[in-house]
Amino acid sequence: MPGKRENYLSWEEYFLLICLVSRERSKDPRTQVGAVIVKNNRVLAIGYNGTPRGMTDDEMPWNSLGEETGDLFQIKNSFVIHAEANALNNLPLGTDLSEATMYISLSPCSECAKRIAQTGITKVIYFQEYKQTAQANLAKYILQKAGVECVQSHVTGLGEKLMLIGEKIFLEEEKQKKQVQKILYRKH
């Protein structure tokens with residue numbers, strides 16, 4: 001009997017890849033963020049940055065931060081819910097988050113840090129640093145004061161692993177197509 005596979009994903013790689021894939025659901029052309037809440041290596045909820053339920057994202061001012069006019073109706077951030085908030089909103093009511101970890105593709109802003117701190121989540125692991133340094137530092141300060149550990153992941157090679165996973169899926173799809181073609185050929 002062969003031994004177990006050795007090139008499987010670590011838990012941190014697995015959850016970060018979930019973040020990176022889920023962010024691809026975001027319609028925001030500037031910033032796509034994914035978040036996953038985990039407890040005991042089980043996914044509790046996933047979120048990505050997007051508009052509230054019931055609002056069509058086709059009508060959003062995606063390309064404007066409203067810098068020119070200050071018009072709140074022309075500022076995308078007036079409508080977008082951050083990935084962390086969406087993940088928290090997607091939790092079943094009454095979920096115990098003590099000792100839970102939130103994985104995020106981008107370090108949290110201060111508003112999300114406050115929400116995270118309020119929940120009982122004890123650790124935040126993020127993939128990439130938020131580009132607004134003052135905002136990122138404030139978020140880390142809030143989390144630290146609330147007793148929530150906040151660290152940047154040191155995992156490397158996720159892009160390469162995702163490409164290998166993609167190649168594996170492609171080969172499986174090709175094999176499946178051939179099997180379907182054989183079945184269709186036999187029927188004729």
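The values are calculated or read from the model by the stated rules, or taken from the named source; none is laboratory data. The structure presented is a predicted model; accordingly, all values stated were derived computationally and were not measured. Neighbour counts run over all protein chains shown; Cβ positions are idealised from the backbone, glycine included. Calculation scope for accessible area: heavy atoms of the full protein, side chains included, ligands and nucleic acids excluded. Shrake-Rupley method; radii C 1.70, N 1.55, O 1.52, S 1.80 Å.
Among 36, 124, 155, which one shows the highest mean-square fluctuation when the chain is modelled as a Gaussian network with alpha-carbon springs under 10 Å? Maximum fluctuation in the GNM of the chain, among the listed residues, is at 155. Distances between placed amide hydrogens fall under 5 Å for residue 150 paired with 124, all partners being 5 or more residues away or on another chain. Placing unit charges on each Cβ (+1 for Lys and Arg, -1 for Asp and Glu) gives the chain a dipole about its Cα centre, and among 181, 159, 15 the Cα reaching farthest toward its positive end belongs to 181. In the chain, helices alone account for a calculated mean residue ellipticity at 222 nm of -12500 deg cm²/dmol, with every DSSP H run of four or more residues adding -39,500 (n - 2.57). Looking at segment 127-169, the GluC sites (Glu not before Pro) that sit in a DSSP loop and have at most 13 other Cβ atoms within 10 Å of their own Cβ are 129. How many nm is it between the label spots at residue 27 and residue 57, if each spot is 7 Å from the Cα in line with the beta carbon? A separation of 0.7 nm, rounded to one decimal place. In a fully extended conformation the segment linking residue 185 and residue 43 would gain 46.9 nm over its present Cα-Cα distance, using 0.36 nm per residue.
Note on residue 161: lysines with a C-alpha under 30 Å away, same-chain residues under 8 apart excluded, are 4, 27, 39, 123, 131, 140, 175, 177, 178. Given the choices (i) 60, 34, 32; (ii) 65, 43, 33; (iii) 72, 36, 32, Cα extents along the principal axes in Å derived from the coordinates of this structure is entry (ii).
The antiparallel fraction among DSSP beta bridges confined to the chain stands at about 55%. Among 75, 18, 116, the largest mean-square fluctuation in a Gaussian network model of the chain (Cα springs under 10 Å) belongs to 75. A cut-off of 5 Å between modelled amide H atoms, ignoring neighbours fewer than 5 places along the same chain, links residue 128 with 106, 107.
Considering only 12, 99, 59, the mean-square fluctuation computed in a Gaussian network model of the chain, springs between alpha carbons under 10 angstrom, is largest for 59. Near residue 44, the amide H atoms lying under 5 Å from its own belong to 37, 38, 39; only residues 5 or more places off or on other chains count, and H is placed 1.01 Å from N. Accessible surface computed residue by residue for the chain, with neighbouring protein chains in place and a 1.4 Å probe, gives 66 Å² per residue. Charges were assigned to the Cβ only: +1 to each Lys and Arg, -1 to each Asp and Glu. The resulting dipole of segment 48-188 about its Cα centre is roughly 800 debye. Taking a straight Cα-Cα cut-off under 12 Å and skipping sequence neighbours fewer than 8 places away in the same chain, the aspartates and glutamates within cross-link reach of residue 114 are 84.
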